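Worksheet: the structure to be examined is printed underneath.
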Amino acid sequence: MPELLEVKHLSVSFFTHTGEVQAVRDVSFSLKAGEVLALVGESGCGKSVLCKSIMKLLPQTAKIKSGSILVNGADITHYRERDMHKLRGRLFSMVFQDPMTSLNPAMSIGEQIGEAVRVHRPRLSREALRARVLELMALVGIDRPEERMGLYPHHFSGGMRQRAVLAIALAGDPAILFADEPTTALDVTIQAQILDLLRDVQHKLGTATVFVTHDLGVVARVADRVAVMYAGKIVEIGTAEEIFYDPRHPYTWGLLRALPALSKGRDTLYAIPGMPPTLVNPPRGDAFACRNEYALAIDYQEEPPMFQVTDTHYAATWLLDPRAPEVTPPSGGGIHAG
Amino acid sequence: MSIWNMALGWGKRLLTLLLSVFLLVTAVFYVSRLAPGDPLVAYYGDRVERMTPDERAWAKDRLGLNDPITVQYVRWLGRALHGDFGISYQYKMDAAEVIASRAGNTLILGGAGFVLTFSLSLLLGVLCAWHEDGPLDRVLCKLGTAASCVPEFWLSLVFILVFSITLRWLPSSGAYSIGGGGLGDRLAHLALPVSVVVAGHLWYYAYMVRNRLLEEVRADYVLLAKSKGLTKGRVMFRHCLRNALPSYLSLMAISVPHILGGTYIVETVFSYPGLGTLSYESTRYQDYNLLMLLCLLSGTVVMVSGMAAQFINQRLDPRLSARDAAGVREP
């Protein structure tokens, strides 16, 4: 199967008055048509920035420093705004984190969905446009769409707004959907609903999805493949089975151990010690080394390359070097070990 | 139900407006009579100097100026409520007639100034926001900051010096040439005063438009709008400008008295026969009746503008309209 999206050695930095913030550092991954890739990591590790840099939705202070973005083999790295707006909505679109702010407060829901339909099909008749808007609203589970298309975002609850945002994102039949923590800002019960909805829609339409989250529990429900990000880098990538049952990076071990389900019978939840480094001046060597109880001396000297575990599974840790000592993952590090 | 609520709301506002106007005219009535000066000069001119004390007393009595201020006030208020605002001492005509003969000139000057300020500031604001932090934006913003510090009376004098005296392109005073009065002549007389009014206010409002727009541009919903595939222009005009416009329109409504105040100053410098020069004269010569009516008019304009601003905001922003908050909407 050909790659739909290929990101090669992408580095993105924000140039602010405190200095260069290296938000994304040398990230490579690919996405096939219809596949669901989860991007997992702590807040501020560059997950959102990575997605937004692919869609070129970052503010002017952000620059792609190096690397390339290929879509169906075409290099879009240096596309300008006038080229990008033709791709957005049709090739890829995005569901944002906070549905309370991502809709235009002064425009009716129907109008906002209709605008997303019309932008790629300008010659659509009024009736056809209306039909399409109603169809989209039904698709994302908004009941009684005829009554509700005239309502404004402030009439909608958070979950309903997120459904509307999803309808907008799907309006142009995009090949890729970026879901940027789409459930983080919602109530727990609503989170599950939206998650199920995303999965249903994905099954129905076969949209390739990049699912950004910091919640590994969510990942297990939706993802085909998982990429774990830390301090702007992908530190481990593999199929969902590989990440959950045979994780290789100490950071992934930590994330899995921190799942509440795996701390059952213990007094306290596990937490990875320390804080992620600032990305203004990332430390030398492996950015995770100072929080890593399995760190080797070389971790403080040199960044580990991506070691191949299987055809689909890669991890950036010196522990995979043939010269490294044997380490047994902690209990809970891989699901079976707990 | 909702119509009743609305009627009640506007009734309250109308009452507030009437009360405010009442307090204003009361204050002005007392304060103007405390100011030093001789109102007889306005009525009798130089002859006042040759009057005997008896003649003066008689003259004052005739104008009703010998009574205690409160008696004068009650008498004025009673007549005003019947639509009789008294005569202008200086013009010896009904104050209302004097004002009516001048109001047109001010409406033309203020109206042209208002429309030009409104449209140019919108244009400049959008231009700056579009090229945010670009060279054009930076130059215009700095120029605007400098220009908005220039007082209108000074700018008027500079314009007269440059365009009327040095270059001799445009007339320096009046609303039309004596014996003239064609459209071209009127426009030539308007050019300088209108330019000053616009130049004095333009930058402030352009800056407001720019910043309001940029506030919208930075809002989260713009990201979603962009990710739909909308062009920059469509995002800017259909989303950002549309959301910024209600507050800008209400700002413009509040600005009516602001710009009107500007025309008063400019009229005085250019000796333009409008309400501004009239207000200045009436204060200076203690032409009480005229002054009161001008105050009443100006005050009403200020307050009605404020109400209009509120009204515009409510009608254009769906979040603020009471009917919508109840979830009811016309099909």
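Whether a residue is within 14 Å of chain A (Cβ to nearest Cβ) and surrounded by 18 or more Cβ atoms within 10 Å (Cβ to Cβ) was assessed, and B:A225 passes this test. Would you confirm whether or not segment B:132-150 contains a residue that is outside any loop (DSSP other than H, G, I, E, B), farther than 30 Å from B:V222 by Cα and in contact with a Pro (Cβ under 7 Å, 6 or more places away or on another chain)? There is no residue in segment B:132-150 that is outside any loop (DSSP other than H, G, I, E, B), farther than 30 Å from B:V222 by Cα and in contact with a Pro (Cβ under 7 Å, 6 or more places away or on another chain). For first residues located in segment B:229-247 and more than 9 Å from chain A (Cβ to nearest Cβ), partners that are among the aromatic types (F, W, Y) and surrounded by fewer than 20 Cβ atoms within 10 Å (Cβ to Cβ) and lie 6+ apart or on another chain with Cβ distances below 8 Å form the pairs B:M236/B:W130. Any residue at all in segment B:104-112 that's more than 30 Å from B:A80 (Cβ to Cβ) and among the hydroxyl-bearing types (S, T, Y)? Scanning segment B:104-112, I find no residue that is more than 30 Å from B:A80 (Cβ to Cβ) and among the hydroxyl-bearing types (S, T, Y), so the answer is no. The criterion of at least 2 residues that are touching a Gly at 6+ places or on another chain (Cβ under 9 Å) is met, among helices (runs of 4 or more DSSP H) falling completely within segment B:20-118, by B:69-81. Of everything in segment A:146-171 that is within 12 Å of A:G110 (Cα to Cα) and part of a loop (DSSP other than H, G, I, E, B), the residue that is farthest from the other protein chains (Cβ to nearest Cβ) is A:M149. Listed by first and then second residue, the pairs linking a residue in segment A:97-113 that is closer than 14 Å to A:A169 by Cβ to a residue that is of a type in the set (D, E), with Cβ atoms under 7 Å apart and 6 or more places separating them unless they lie on different chains, are A:Q97/A:D180; A:Q97/A:E181; A:S102/B:D220. Taking the criterion of being away from chain B (no Cβ under 11 Å), surrounded by 14 or more Cβ atoms within 10 Å (Cβ to Cβ) and either over 30 Å from A:R163 (Cβ atoms) or polar (S, T, N, Q) (or both), the residues of segment A:67-98 that qualify are A:G67, A:S68, A:L70, A:T77, A:Y79. Every residue in segment B:25-56 that is surrounded by 13 or more Cβ atoms within 10 Å (Cβ to Cβ) and farther than 19 Å from B:N289 by Cβ, please. Of everything in segment B:25-56, those that are surrounded by 13 or more Cβ atoms within 10 Å (Cβ to Cβ) and farther than 19 Å from B:N289 by Cβ turn out to be B:M51, B:E55, B:R56.
Among the conditions (1) surrounded by fewer than 23 Cβ atoms within 10 Å (Cβ to Cβ); (2) touching a helix residue (DSSP H, G or I) at 6+ places or on another chain (Cβ under 6 Å); (3) at pLDDT 90 or above, A:T209 misses just one, which is (1).
The values are calculated or read from the model by the stated rules, or taken from the named source; none is laboratory data. Because the structure is a prediction, the values reported are computed rather than measured. Positions of Cβ are generated from backbone atoms using ideal geometry, with glycine treated the same way; all protein chains shown enter the neighbour counts.
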